[in-house]
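Throughout, read-outs are computed from the coordinates displayed, never taken from laboratory work. All values derive from a computational prediction rather than experimental measurement. Neighbour counts run over all protein chains shown; Cβ positions are idealised from the backbone, glycine included.
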Amino acid sequence: EDQVTQSPEALRLQEGESSSLNCSYTVSGLRGLFWYRQDPGKGPEFLFTLYSAGEEKEKERLKATLTKKESFLHITAPKPEDSATYLCAVQPRNTGGFKTIFGAGTRLFVKA
Amino acid sequence: SAVISQKPSRDICQRGTSLTIQCQVDSQVTMMFWYRQQPGQSLTLIATANQGSEATYESGFVIDKFPISRPNLTFSTLTVSNMSPEDSSIYLCSVGAGAGNTIYFGEGSWLTVV
């Protein structure tokens, strides 16, 4: 069964304290892995797509990496405005084009 | 990426009533989807909104409870029928667009049923 597990469920950081969020996945062939940011009461905002092991993408203080079993979202020197829920999602290769499975998310709190 | 607008953004609804959520996209898209996100939970796909034909529902979701319309390539509606407190959720319109089958989301419609 295709599955996405994110850890930790919640992460509290001090401003400037770098850390990583984990996304472990089980899928029968990966078409793509996605990271989103979601603010409370809002829709998810697309951040990155990763397609193959070894791939990396960066945006400001965020860097996403991918291996054959997991992805990491590294946050360098976070600021309070980085506080949000970060969602990981995968698209299996052997299903319809846009079938996407989401993890439960990691809630990030960054304190000034 | 497409700009996706949803209305209403938030509403408080009485038990037993129905509410229709509208989704407008600023460009023509083939694939439109409706997701639900219950409090503290992740996203669950309700259905794929097919243009000119009946929506394709995921397991656990039925047309009588969540009727969907898709009259053209830029607009869709989701109705939540005969609401109960368990229907209190964020309902998200989304489209598949761009490279790599990326899903983009609207701002969401936050419904509270009392």
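For a quick check: with amide H placed at 1.01 Å from N, whose amide H comes under 5 Å from B:Met31's, ignoring anything fewer than 5 positions away on the same chain?
The answer is B:Gly96.
Relative contact order of segment A:3-111: what whole-number percent is it, with Cα pairs under 8 angstrom and at least 6 residues apart?
Normalised by residue count, the contact order of segment A:3-111 is 37 percent.
Give the Rg/Rh ratio for the protein assembly as shown, taking Rg as the radius of gyration of the Cα atoms and Rh as the Kirkwood radius, to two decimals.
Rg divided by Rh gives 0.97.
Tally Lys/Arg at +1 and Asp/Glu at -1 over every other residue whose Cβ is under 15 Å from the Cβ of A:Gln38; what's the total?
-2
Along the principal axes of its C-alpha atoms, what lengths does segment A:3-111 span, in descending order and rounded to whole Å?
Taking max minus min along each principal axis of the Cα atoms, segment A:3-111 gives 42, 30, 21 Å.
For chain B, what is the relative contact order in percent, using Cα pairs closer than 8 Å and at least 6 residues apart in sequence?
Computed value for chain B: 37 percent relative contact order.
Under the definition of Cα pairs under 8 Å and six or more residues apart, what whole-number percent is the relative contact order of segment A:70-112?
Averaging sequence separation for qualifying contacts and normalising by length gives 46 percent for segment A:70-112.
In whole Hz, with x marking every Gly and Pro, tabulate ³J(HN,Hα) for segment A:20-27 from phi via Karplus 6.51 cos²θ - 1.76 cosθ + 1.60, θ = phi - 60°.
My calculation for segment A:20-27 gives 9, 10, 10, 9, 9, 9, 10, 8 Hz in order.
Near the amide H of A:Arg31, under 5 Å away, which other amide H atoms are found, from residues 5 or more places off or on another chain, if H is placed in the peptide plane?
Placed amide hydrogens put A:Gln91, A:Arg93 under 5 Å from A:Arg31.
Please compare each pair in A:Lys42/A:Lys68; A:Lys59/B:Lys7; A:Lys69/A:Lys99; A:Lys79/B:Lys7; A:Lys68/A:Lys111 to a cut-off of 27 Å on the Cα-Cα distance and tell me which ones are over it.
With Cα atoms farther than 27 Å apart: A:Lys42/A:Lys68; A:Lys59/B:Lys7; A:Lys79/B:Lys7; A:Lys68/A:Lys111.
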